[in-house]
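Here it is: the structure, laid out below.
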Amino acid sequence: MSTEALVAQDAKHQPLSEADKLAQDAATAAQVRRLANHPDVVALRVEKVRTQIDAVIWLGIFLGLAFTMVNVQSFAAAGAATWSLGWLAGWLLDPMVSLVLVAVLRAEQVTARYQVETGAWAHRTKWFAFLATYVMNTWKSWTHLDVAGVVLHSVPPVLVFLAAETAPVLRDKLTEAVMAAAGTAFTGEQPADVPSVVPAAPAEDGAEEKSAPVARPRRRPARKPAAKPARKLRGDYLADARAAWAPGIEITPAWVRSVCPEISRGTSKNVADDLIAETARPAVAPVPTDQSVTVDQEEAA
């Protein structure tokens with residue numbers, strides 16, 4: 001038997017038809033597509049993207065803080081002689097502010113992964129660190145009305161601020177992507193449009209070889225598309241939170257998300273504000289109308 005005859009044979013040493021090859025390719029492609037949409041595979045891909053985003057953002061933040069260090073030292077030294085105590089102490093001001101800022105950003109990196117609020121004090125500390133760095137960088141340029149200097153020394157602090165504010169949002173959205181993939185139904189069924197082809201059995205010894213039947217795709221009945229869940233509005237989330245709230249429970253965006261797991265961070269804050277406004281509103285007794293007063297007077301008479 002020649003080498004060309006052995007190439008297109010399977011394990012049973014039977015030649016594969018073109019339809020058999022296409023059926024095997026279709027089954028392999030369907031399996032790859034199903035596994036590519038598996039929640040664990042999606043989570044692994046998201047983790048790789050998250051790692052890349054964190055590395056790039058942290059690199060930009062450290063480069064920006066390193067650029068501002070020289071300007072902050074010049075501002076803190078205030079013309080002190082080189083290598084004097086005042087000149088050396090000026091180098092400590094920028095790292096002092098930057099280390100606190102990096103600590104807050106590192107905590108937000110972990111809390112944003114699990115969609116947990118860091119609280120108001122974390123935001124206040126971050127804002128103060130950014131404002132202090134910006135003022136110390138641009139103070140000399142503002143005093144001399146140097147427009148080019150203001151622009152040059154404003155870009156790094158503002159870019160660091162935007163990167164620090166954007167990073168938690170991106171991590172939050174990546175976590176929502178993983179949760180959305182985990183909520184997708186994974187049945188592992190073969191798509192309806194993939195033909196099911198069974199290779200013809202080999203002919204027995206001495207028996208006449210019969211022509212193999214034409215492989216036809218086995219079609220499944222068309223399934224109705226699953227109805228998409230109705231989109232919940234802000235009022236629907238507010239109604240759910242109102243029903244779950246009881247006196248003594250502190251109303252926070254995190255509590256709203258625990259009551260409504262599918263709500264986003266921005267909507268949870270708005271719903272929490274609305275519910276706080278409702279609960280703070282004093283209850284007003286209904287004022288009787290003229291008709292009720294008239295009826296009571298007639299009954300008394």
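Report, by residue number, each residue of region 44-92 that is of a type in the set (D, E, K, R) and buried (at least 17 other Cβ atoms within 10 Å of the Cβ).
Arg50
Whether any residue in region 141-151 is surrounded by 12 or more Cβ atoms within 10 Å (Cβ to Cβ), at pLDDT 85 or above and in contact with a Ser or Thr (Cβ under 6 Å, 6 or more places away or on another chain) is what I want to check.
yes
Here is a follow-up. For residues that are of a type in the set (Phe, Trp, Tyr), modelled with pLDDT of 85 or more and touching a helix residue (DSSP H, G or I) at 6+ places or on another chain (Cβ under 9 Å), scanning just region 80-127, find the one that is farthest from Pro157 (Cα to Cα).
The first filter runs over region 80-127 and keeps only residues of a type in the set (Phe, Trp, Tyr), leaving 83, 87, 91, 114, 121, 127.
Filter once more, keeping what is modelled with pLDDT of 85 or more: 83, 87, 91, 121, 127.
Narrowing the set further to residues that are touching a helix residue (DSSP H, G or I) at 6+ places or on another chain (Cβ under 9 Å) leaves 87, 91, 127.
Working: Trp87: 23, Trp91: 17, Trp127: 11 Å.
Here the answer is Trp87.
Just to verify a result, which residue in region 1-45, among those that are at pLDDT 80 or above and of a type in the set (Ser, Thr, Tyr), is farthest from Leu174 (Cα to Cα)?
That would be Ser17.
Another one. Take region 97-145 and flag every residue that is part of a helix (DSSP H, G or I), closer than 26 Å to Gln52 by Cβ and of a type in the set (S, T, N, Q).
Ser98, Gln109, Thr111
Another question about this same structure. Hey, does region 277-299 have a residue that's outside any loop (DSSP other than H, G, I, E, B), within 16 Å of Glu117 (Cβ to Cβ) and modelled with pLDDT of 85 or more?
Step one: of region 277-299, the residues outside any loop (DSSP other than H, G, I, E, B) are 277-280, 290-299.
Checking the rest, the ones that are also within 16 Å of Glu117 (Cβ to Cβ) come to none.
Checked region 277-299: no residue is outside any loop (DSSP other than H, G, I, E, B), within 16 Å of Glu117 (Cβ to Cβ) and modelled with pLDDT of 85 or more.
Among the residues of region 239-265, how many are polar (S, T, N, Q) and touching a helix residue (DSSP H, G or I) at 6+ places or on another chain (Cβ under 7 Å)?
Result for region 239-265: 1.
Counting only residues that are of a type in the set (Val, Ile, Thr) and either assigned to a helix (DSSP H, G or I) or in contact with a strand residue (DSSP E or B) (Cβ under 6 Å, 6 or more places away or on another chain) (or both), which one in region 65-96 is farthest from Trp127 (Cα to Cα)? So that I can check it myself, show each step before the final result.
Let us first name the residues in region 65-96 that are of a type in the set (Val, Ile, Thr), namely 68, 70, 72, 82.
Adding the requirement that they be either assigned to a helix (DSSP H, G or I) or in contact with a strand residue (DSSP E or B) (Cβ under 6 Å, 6 or more places away or on another chain) (or both) leaves 68, 70, 72.
Values: Thr68: 16, Val70: 21, Val72: 17 Å.
By that ranking, first place goes to Val70.
The values are calculated or read from the model by the stated rules, or taken from the named source; none is laboratory data. Predicted model only: the values in this text are computed from it and were never measured. No Cβ is skipped: glycine too gets one built from the backbone with ideal geometry, and neighbour counts run over all protein chains shown.
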